1. Based solely on C-alpha atoms, express the radius of gyration and the Dmax of the chain in angstrom.
2. Taking each pair of different alpha-carbon atoms in region 88-181 once, compute 1/r for the pair, average those values, and report the inverse of that mean as the Kirkwood hydrodynamic radius in Å to one decimal.
3. Hey, which lysines would be in cross-link range of K59, C-alpha to C-alpha under 24 Å, not counting anything within fewer than 8 residues on its own chain?
4. With labels modelled as points extended 7 Å from the Cα through the Cβ direction, what inter-label distance (nm, one decimal) is found for K131 paired with F86?
5. Could you identify which residue out of A49, A148, A135 has the top mean-square fluctuation in a GNM of the chain using Cα springs shorter than 10 Å?
6. What ranking of L180, L79, L122 emerges when the number of other C-beta atoms within 10 Å of each C-beta is taken as an exposure proxy, fewest first?
Amino acid sequence: MDILDKLLGGEARVKILRLFLLNPDTTFEAGEVRKKTKITSFQLRREMATLRGIRFVRKVGSGYKLSRSFVLLVPLRELLFSTEPFRDDEIIGRFKGGGNVKLLVVSGLFTQNNDSRIDVLLVGDRLKRSKIEKALKDMESEIGKELAYALFETSEFKYRMEVYDKFVRDILDYPHKVLLDKIGI
């Protein structure tokens with residue numbers, strides 16, 4: 001995302017752009033934008049003033065909404081979403097402190113498949129839910145959209161594989177990317 005940060009005026013702006021582009025029908029209060037993007041109040045005021053000035057967002061009551069009449073909406077969307085938000089090794093690194101991770105699969109947003117049931121599947125032993133959820137929240141703030149995810153202990157996942165669990169099959173039978181596999185799926 002470093003290239004986009006520099007090209008589009010910084011990480012804060014990229015986060016805000018993604019948030020509005022991924023949620024085109026949502027009106028966000030300023031505090032909500034700040035919370036979801038994890039930027040400072042100063043950055044938020046500056047970026048929202050700039051984005052309102054170029055008519056990317058419009059004021060709706062006390063909130064902001066994507067302006068569908070923004071002249072560069074389609075090219076900007078293509079630019080922001082044709083680049084992968086994270087490198088594979090970066091995603092793996094974010095879950096390092098989350099326990100003994102044995103399988104990490106991404107789909108959905110990471111494979112440009114809107115029909116996927118989840119974005120991240122994590123399987124392991126002694127998983128630390130709070131650390132994993134913090135890593136996911138940090139990723140969400142950078143991507144601009146809430147991530148759907150599933151966490152399984154290794155034994156439960158293996159059992160679900162044996163009984164051809166529909167949820168697991170839906171993930172593995174459709175476009176996905178295995179980033180880490182220590183259990184040999």
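Nothing in this text is a laboratory measurement; each read-out follows from the coordinates by a stated rule. On a predicted model such as this, the values are computed, not experimentally measured, just so you know. We place every Cβ from the backbone using ideal geometry, glycine too, and count neighbours over all the protein chains shown.
1. Expressed in Å, the Cα Rg and Dmax of the chain come to 18.2, 56.
2. Answer for region 88-181: a Kirkwood hydrodynamic radius of 13.4 Å.
3. In chain and number order, the partners are K15, K35, K36, K38, K145.
4. 1.5
5. In the Gaussian network model the winner is A49.
6. Ranking L180, L79, L122 by Cβ neighbours within 10 Å, fewest first, gives L79, L180, L122.
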